[in-house]
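A short worksheet on the structure shown next.
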Amino acid sequence: MQTICSVILLLLVISVSGFSDFEALLELKKGIQRDPSGKILTSWDAKALTSDKCPRNWYGVSCNSGDVTSIDLNGLGLFGNFSFPVIVGLRMLQNLSISNNQFAGTLSNIGSFKSLKYLDVSGNIFRGSLPSGIENLRNLEVLNLSGNNYLGGVVPSGFGSLEKLKYLDLQGNSFSGEVMGLFSELNSVDYVDISRNNFSGSLDLGLAKSSFVSSIRFLNVSENSLVGDLFAHDGIPFFDSLEVFDASSNHLSGSVPVFSFVVSLKILRLQNNQLSGFLPPGLLQESSTVLTELDLSLNQLEGSVGSITSSTLKKLNLSSNRLSGSSPLKLGHCAIIDLSNNNISGDFSRIQSWGNYVEVIRLSSNSLTGTLPGETSQFLRLTSLEVANNSLQGELPFILGTYPELKGIDLSHNQLSGLLPKNLFMSTKLTDLNLSNNNFSGSLPLQDASSVGNLSLTNIGLSHNSLGGVLPEELTRFRNLVSLDLSYNNFEGNIPDGLPESLKVFIVSANNLSGNVPKNLRRFPDSAFHPGNALLIVPISPETPKDKADITLGNHGSHMKSSVKSAMIIGLVVGAALLALVCAMFYFMLKRQHDEEKSDATGEKSIVQKTEPSPSNVIAAKNCVQETEPSSSVTSTSTNKGKLPVSSPRLSQYSGSENSSSFLKEPMEELHLESTRKDETLSSQVSLASSSTSSLSRIQNSPDNLRSRQTSVKLDGNLYIFDSSLKLTAEELSRAPAEAIGRSCHGTLYRAVLNSDVVLAVKWLREGTAKGKKEFAREIKKLGNINHPNLVSLQAYYWGPKEHEKLIISRYIDAPCLAFYLQEAGQLNLPPLLLENRIKITLDIASCLSYLHNGEAIPHGNLKSTNVLLKPPELTALLTDYSLHRLITPEATSEQVLNAAALGYCPPEFASSSKPYPSLKSDVYAFGVILLELLTGKVSGDIVCSDPGVVELTEWVLLRVGQNRAAECFDPSIIESHGSRKVSGVLTDVLQVALSCISPAPERPDMKSVSQELSRIVLKRTK
C-alpha cells in the first residue's frame, strides 16, 4: 500500500511538473474553498498575465520572467487544502508565506523547493509529520511551522545541512523526540522556539555545536517534557549572544544555575519546574549581567531573598516557592516584584525603603506582620499593592490614598482595623479596592463624593468586616462600578436607587438592610441579598431576549482522534456495566444471607434510607453537595479523646430492614463512575470515623456486626476550620450520621448531619491521593480563604494519622447538577431550562472563573457540568471541586484529567502532553464546552453518532458551523419556547463565544475577556 501511494504521488508530481508557474497557481487556487476578502479568488485570473506569462496583479504573487519567486498570503482567513505537490514545479520560489489562515493538508514535498529562503506556514491546521528531505533546503534562512497543533512526530535529521538557517519556530505543535537530537544538529541559528510540544530528555547544550551555542540569541523550550538538571554535562556553556532563555513548564530539577558569565542575558524564565535549593544571589545583584526579567515562580526554592542591587532588573517573580526570612531591604530599580505564596515573615514596614522605582508589589499569602508604613511618600510610580492573606494589623494610613498612580489595592484576609480612609474612595485613579476579611468599622466615608468629578473605582470589596450605618446615596456616584461586595457587615436601611447598570457583581447578603431592592438590581440572584436582610423585599423581574448577530468559524479542530475517543468512552461504559453486574450479584448473595438472619434483626431500628436499585434513583448522587460560607482565620482543634462510631471505608455493609441497602467502599477501591456520567447511587448511612485494621477484620468476619455502628476509638489527627461560623469538633463530626451520595476519582462524598442539624458535605479522599501534610496544608489554606457567591467554598479539613483519614468539609447544598438538567430532567421532574436560565448560568460560571483566574490566579481545574450545581429557585450556579489538583498527587491529577478527557472537557494541547496539568487556558476550554452543552441541550460525555468520524460534542458543533448549519446546533426546546426570530441573535452571539473558548490555545481568550463579552451580549439583548 505504501508503494502504491508513493507511485501515485510521484505520478502527480510528474503531471504537475509540466505546468507553467501560473498554471500551478491556478491549480492551487482550486483547493481554496473560502476567501473572506475575495482577494485571491478574484485576482488570480488566468487571463491576467504579462507577455512572459507572469501573473499580472495577482494578489500576494511576485514573478520574474515567468518564474514565480514569492507567494505571500498571510492573514487572509483562507480556508481549504494547500497542496505542496501542485506547486512543486516553482523552481525559483524563494518565499512561501501563508501564515494565519485555515489551510489543511500535509507538508509533503517541501524538500523539493531548493531555492526557498523563507517558509512560513504558521497558524494553520496542517497535519502529519515533518517529511524527510529537509536537508535539501540549503538556502533556507527562516522556517516557521508554529501553531498548527497537529504537526507532530519525531523531527527528522537533516538540519545540520541547513547552514544558512537563522530562524526556527516549531512552537505549538506535537513534535516529539530527544531535544538534543535536534539541537545537536543546528548551526549558527539566532532564534529557536520549540515551546508547547512534547520534546523530552535533558537540555545538555554542552553536546551542541559551538557555532550554535555562540550564536543563539533567543531560545524557548518551555512547555515540553524536559527533565534533569539544566546543563548537566559541562555546566553553563559560553553563550556569547543569548538574550532570552525560557525553559518554563517542564520537569527540570536540581539547583538554579549561576548565569554569571552569560553577559548578554536579559530575560530568564524557569518557572513551573521542580528546581530546588537556594536562589543564586548573583542574579539579583549588580554584576556583569544585564538581566531585566527573572521568573523562578512555581518551584521549590528555599532560603531568603537578599537585597536587590541590580540596576537593570525590572521584573522579578519568585512566587509560589518555599522562600522564608524577611522581605528584601532594597529593590534596586525593580519595577515589578512578586514574592506571593511563600513563607516570608517579618515586619511589612520594611517596604518603605524600597525606593521610587517599584510599580507593582505582590506579597500575598505569606506570614508578614506589623502595620502599613504611614510616613513614606516615595511610591510615586506604584500602580498595584497586593498583600492579601497575611497578618497585618493596625489602621490604614492616610498616605495610602495619596500615591498618584495607584490603581489596585488588595489587603484582604488580614487583621486590619479602624476606620476607612475617605481618600481611597475619592481617588480618580484607583480602580480596584479589596479590603474584605478584616475588622474595619464605621461607615462608608463617602460624604465628599459629590465634590469629586470622576470617581474611578470599578471594583469594591469590603465583605466580612464590621462596617455599619446606612448605605450612602453617594454610592451611585461611582458610574463605572462593575463589582460591589458589602456582604457580612452591619449595614442597615435601604439600598440606594441609581447604582450603575455596569454592575456585574453585587452582593449585600448578611447585613440588616430593608425596603425594596431597586429595579435595576433585581437581576442578581437571591444569594446577592440573602442570608440576612430579613426585612429586604426582592421582587422578581423577568428578562426579555432581543437582538441578532452573525457567526463565523475560527481556527478550530479536533484534539483527539475520534476512534481513540470512542474506544475510551465505550471502554468506560462497558467497564461500568460489568462492574454494576458484579455488584448486583454480590448484593443478591448478601441479601439472601440477610433474609436468613432476618428474624435476628426484627427488633432493630434501621438507620439506612430505602434505596431502589433503579437508574433513575440517583438524586442523591446528583445533588453534588456543598455551599458557600464565609472564611476567616484558620483554627486547629486537636482531637484525641473522642468515642467514635466506626464505619470501615474498606467494608461493604448491609443492614436495616428488608428493603434497605447500603454500601461504602474505601476510596482506594473507588470506581471512576464520573467518566460514565451515571453515578451509582450511594445511600448508606455511616459514621465518619476511621478504624483500626483489627477492628475492620472483626467486623468483616462477623455477620452480626454488619449491623453494628459504634465502638470506642481514639483519633490523633487535627481538624482545621476556615469558617469561623462553623462550630465543630472532630468528635462531633465522627459521630454524625453520614450518607454516601457520590464518588469520583478523588474519593467518596458524604452527607453528614450534625447534632445542631447543620448539614455538611464531607469528601473522603481516596488513600494515596493527598499530597504530603505540609504541602497539603499550605495549599488548602489558600483554597479555604477563597470566597465567591458562585463558588462552594471550603469550610474545614481533617488530617488524620492514617493514610485514608483525609477529609475536606463544605456546607451541604441540596441542588442538582447542570448535567442532570440537560440529561435527565424528565426522569427527575426538573423544570426545563429556559433561555434566561441558561444565560444566567453562563454569567454565574464566567463570573466565578474570572474571579479565580484574575483574583486568585488559580484554575478551577476540573470544570464540567457535574461540578456545576443549580440552586433553586433562581438556579444560581455554584461551582464545586475547585482546584483540587493543588491538593492531590500528580498521579491523581493525571487520573482526573483522563476522566475529564473521556467526557470531552480537555483542550487539544493535553493530547500532546505526557503530563497534562490544569491551567487557566484549559479552564476556558472546559467553559466553552459547557456553553455548547447549554446551547445544544446535549451532554459532552454522550457519544454523537450522527456523522462519520464525529464523536464529541465539540466536533459535532464545529462540523455544523463549518457547513453553515449553525442553527441546527441549538436546543429545539429554546426555539419552541421563545421563537426563532427572538432568540437567534443571542444564541449565535453566545455560540461565537463558545467557539472562541474551544479554539487552539494561542487564540483562546482569557476568562476575563469571555466574561465581559457575555455581559455585553446580555446588555445588548435587554436594550
Matching residues, the stretch 522-542, being surrounded by fewer than 19 Cβ atoms within 10 Å (Cβ to Cβ) and in contact with a Phe, Trp or Tyr (Cβ under 7 Å, 6 or more places away or on another chain): VAL538
Condition first: modelled with pLDDT of 90 or more and touching a Leu at 6+ places or on another chain (Cβ under 6 Å). Now tell me which residues in the stretch 224-247 satisfy that. LEU226, LEU242, PHE245, ALA247
Looking at the stretch 119-143, which of its residues are modelled with pLDDT under 95, closer than 16 Å to THR106 by Cα and more than 32 Å from the chain's Cα centre (by Cα)? PRO131, SER132, GLY133, ILE134
Which is part of a loop (DSSP other than H, G, I, E, B) and not assigned by TED's automatic domain parsing to the domain that holds ALA730, of ALA857, ALA877, ALA846? ALA857
For the condition more than 17 Å from SER248 (Cα to Cα), at pLDDT 95 or above and more than 35 Å from the chain's Cα centre (by Cα), what is the one hit in LEU207, LEU165? LEU165
The condition of being on the phi < 0 side of the Ramachandran plot, crowded, with 23+ Cβ neighbours inside 10 Å, touching a residue at least 12 places away in the same chain (Cβ under 8 Å) and of a type outside the set (S, T, N, Q) holds, among HIS788, HIS804, only for HIS788
Selection over the stretch 166-185 where residues are under 21 Å from VAL121 (Cα atoms) and touching a Ser or Thr at 6+ places or on another chain (Cβ under 8 Å) yields a count of 8
Which one of these is in contact with a helix residue (DSSP H, G or I) (Cβ under 7 Å, 6 or more places away or on another chain), among the small types (Gly, Ala, Ser), without any contact (Cβ under 8 Å) to a residue 60 or more places away in the chain and surrounded by fewer than 22 Cβ atoms within 10 Å (Cβ to Cβ): SER184, SER97, SER174? SER184
If you take the residues in the stretch 292-320 that are closer than 16 Å to GLY332 by Cα and polar (S, T, N, Q), which one is surrounded by the most Cβ atoms within 10 Å (Cβ to Cβ)? SER310
Okay, helices (runs of 4 or more DSSP H) sitting entirely in the stretch 1-98 with 3 or more residues that are of a type in the set (A, V, I, L, M) and at pLDDT 90 or above, I get 21-29
Out of the residues in the stretch 889-911 that are among the hydroxyl-bearing types (Ser, Thr, Tyr) and in a loop (DSSP other than H, G, I, E, B), which is nearest to the chain's Cα centre (by Cα)? TYR905
Take the residues in the stretch 461-497 that are in a loop (DSSP other than H, G, I, E, B) and polar (S, T, N, Q), then tell me which one is surrounded by the fewest Cβ atoms within 10 Å (Cβ to Cβ). ASN480
For the stretch 800-821, what are the residues that are in contact with a helix residue (DSSP H, G or I) (Cβ under 6 Å, 6 or more places away or on another chain) and not in a loop (DSSP other than H, G, I, E, B)? CYS817, LEU818, ALA819, PHE820
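Okay, residues lined up against (1) closer than 30 Å to GLU909 by Cα; (2) in contact with a strand residue (DSSP E or B) (Cβ under 9 Å, 6 or more places away or on another chain); (3) not in a strand (DSSP E or B):
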residue: LEU226; (1), (2), (3): yes, yes, no
residue: PRO237; (1), (2), (3): no, no, yes
residue: LEU252; (1), (2), (3): yes, yes, no
residue: PHE259; (1), (2), (3): no, yes, yes
residue: GLN271; (1), (2), (3): yes, yes, yes
residue: SER287; (1), (2), (3): no, no, yes
In the stretch 90-103, is there at least one residue being within 18 Å of GLU163 (Cα to Cα) and of a type in the set (A, V, I, L, M, F, W, C)? no
With among the small types (Gly, Ala, Ser), surrounded by fewer than 18 Cβ atoms within 10 Å (Cβ to Cβ) and under 44 Å from the mean Cα position of the chain (by Cα) as the only criterion, which of GLY80, GLY66, GLY31 stands out? GLY31
Being under 23 Å from ILE841 (Cα atoms), at pLDDT below 90, within 30 Å of the chain's Cα centre (by Cα) and of a type in the set (Phe, Trp, Tyr): is that true of PHE506 here? no
Restricting the search to the stretch 305-337, which residues are free of Cβ contacts under 8 Å to residues at least 24 places away in the same chain and farther than 20 Å from GLY355 by Cα? SER320, ARG322, SER324, GLY325
Matching residues in the stretch 166-219 (assigned to a loop (DSSP other than H, G, I, E, B) and among the aliphatic types (A, V, I, L, M)) number 7
Please determine, by comparing only the residues of the stretch 395-452 that are in a loop (DSSP other than H, G, I, E, B) and of a type in the set (Val, Ile, Thr), which one is nearest to the chain's Cα centre (by Cα). THR431
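The values are calculated or read from the model by the stated rules, or taken from the named source; none is laboratory data. The shown structure was predicted, so the numbers you read here are calculated from the model rather than taken from an experiment. In this analysis, Cβ positions are derived from the backbone assuming ideal geometry, glycine residues included, and neighbour counts consider all displayed protein chains.
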